[in-house]
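A short worksheet on the structure shown next.
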Amino acid sequence: MNPPFDMASLPTGEAMRLSPLVARVLAPNPSPFTYTGTQSYVVGREDVAVIDPGPAEDAHLDALIAAVGGRPVRAIVCTHTHRDHSPAAVLLAERMKAPIIGCAPLMLEDDGPRADAAFDAGYQPDDAMTDGALIAGDGWTIEAVATPGHTSNHLCYALREEGALFTGDHVMGWSTSIVSPPDGDMAEYMRSMQKLLERDDAVYYPAHGEAVESPQRLVRGMMGHRKHREGQILRQLGKGDEAGRSIADMVPEMYKGTDVRLHPAAARSVLAHLLDLEQRGLAHHISADVWRVAPR
């Protein structure tokens, strides 16, 4: 999960053309959790939509406005409301006189380990999209694809004219997504992954990491990775007795070689797996942190 190059060396604030309809602007918020930073996308030619406007940082806001270049903004669109994705929406809406259209608001206290992943309580869309809802401009059409799991309100967005899918944090180009209860749900995440596997998108544009040009292969690999983690957890539980095994004990063994700064986040994903296993009758919790194999 460690970046293969110096995150600080990547250009921020520059509009990079990825296709005839898509340009990318990287926010200056690199971290062990955001990789090189949050990537915002400007979609369209004569008029545009801005997808995942990112953190409320003046330099990034100015860069997005420069990338828009005076064109009408039909919509400011958010995949979900973690604070590295949506807070700039309200500021950009004020500056560009544009509506915020996208995922539903989510009012939930997040008890996860990521300061950047707390929910954006100030997010209030003018219109919340549901699965299959459309936004259209001059020569472009964006369709909402509901993908709960990373968060319950997560949406991906399909650009019909180019066979592209903006995947937010559901599928990233550098790492698997964190699934952190109580809002993150592993069973929902896996169902959403299966939903993407059944689509025929040609390219993914994630919020973190490079464009994915073999998306179905990546999705299959990520689903296999989750099944592997599930197997690891069941083997870890098998090492315990009636007293059970703690998540704190399991994580260092399961995530050897992973940056220890990511262990708290890994513990959240382990918990998400355990809650899913419990629903399926395969694991049983003794306390919030201690689990054992479900009695037969």
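The values are calculated or read from the model by the stated rules, or taken from the named source; none is laboratory data. Since this is a predicted model, take the numbers as computed values, not measurements. Don't worry about glycine lacking a Cβ; one is built from the backbone with ideal geometry, like all the others, and counts go over all protein chains shown.
Details
- The C-beta contact set for the stretch 119-138 (first residue surrounded by 14 or more Cβ atoms within 10 Å (Cβ to Cβ), second residue basic (Lys, Arg) and at pLDDT below 95, distance under 8 angstrom, 6+ apart or interchain) comprises Phe119/Arg83; Asp120/Arg83.
- Sole residue being surrounded by fewer than 22 Cβ atoms within 10 Å (Cβ to Cβ) and either of a type in the set (Gly, Ala, Ser) or under 24 Å from His150 (Cβ atoms) (or both), chosen from Ala104, Ala89, Ala75: Ala104
- Qualifying positions in the stretch 286-296 - within 21 Å of Ile178 (Cα to Cα) and either in contact with a helix residue (DSSP H, G or I) (Cβ under 7 Å, 6 or more places away or on another chain) or surrounded by 14 or more Cβ atoms within 10 Å (Cβ to Cβ) (or both): Asp289, Val290, Trp291
- Remark: Ser31 matches the filter, which requires a residue to be of a type in the set (S, T, N, Q) and farther than 16 Å from Leu155 by Cβ.
- Residue within the stretch 191-199 that is within 24 Å of Glu46 (Cα to Cα) and not polar (S, T, N, Q) present: no
- Just one of (1) surrounded by fewer than 16 Cβ atoms within 10 Å (Cβ to Cβ); (2) at pLDDT 95 or above fails for His154. It is (1).
- Output for the stretch 209-257, where each listed residue is assigned to a helix (DSSP H, G or I), of a type in the set (D, E, K, R) and touching a residue at least 24 places away in the same chain (Cβ under 8 Å): Arg226, Arg229, Glu230
- Hits in the stretch 176-187 - residues which are surrounded by fewer than 20 Cβ atoms within 10 Å (Cβ to Cβ) and either without any contact (Cβ under 8 Å) to a residue 40 or more places away in the chain or closer than 13 Å to Arg226 by Cβ (or both): Thr176, Ala187
Let's see how each residue does on (1) in contact with a Phe, Trp or Tyr (Cβ under 9 Å, 6 or more places away or on another chain); (2) among the small types (Gly, Ala, Ser); (3) not assigned by TED's automatic domain parsing to the domain that holds Ser31:
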site	(1), (2), (3)
Ala211	yes, yes, no
Gln232	no, no, yes
Ala248	no, yes, yes
Tyr255	no, no, yes
Arg280	no, no, yes
His285	yes, no, yes
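- Single residue of Asp276, Asp185, Asp200 found to be touching a helix residue (DSSP H, G or I) at 6+ places or on another chain (Cβ under 6 Å), of a type in the set (D, E, K, R) and at pLDDT 95 or above: Asp276
- Matching option when the condition is closer than 30 Å to Ala266 by Cβ and of a type in the set (Lys, Arg), among Arg45, Arg74, Arg24: Arg24
- Every test in (1) farther than 30 Å from Val50 by Cα; (2) buried (at least 20 other Cβ atoms within 10 Å of the Cβ) is passed by Ser246 save one, and that test is (2).
- Residue count, the stretch 194-208 (criterion: crowded, with 17+ Cβ neighbours inside 10 Å, aliphatic (A, V, I, L, M) and outside any loop (DSSP other than H, G, I, E, B)): 2
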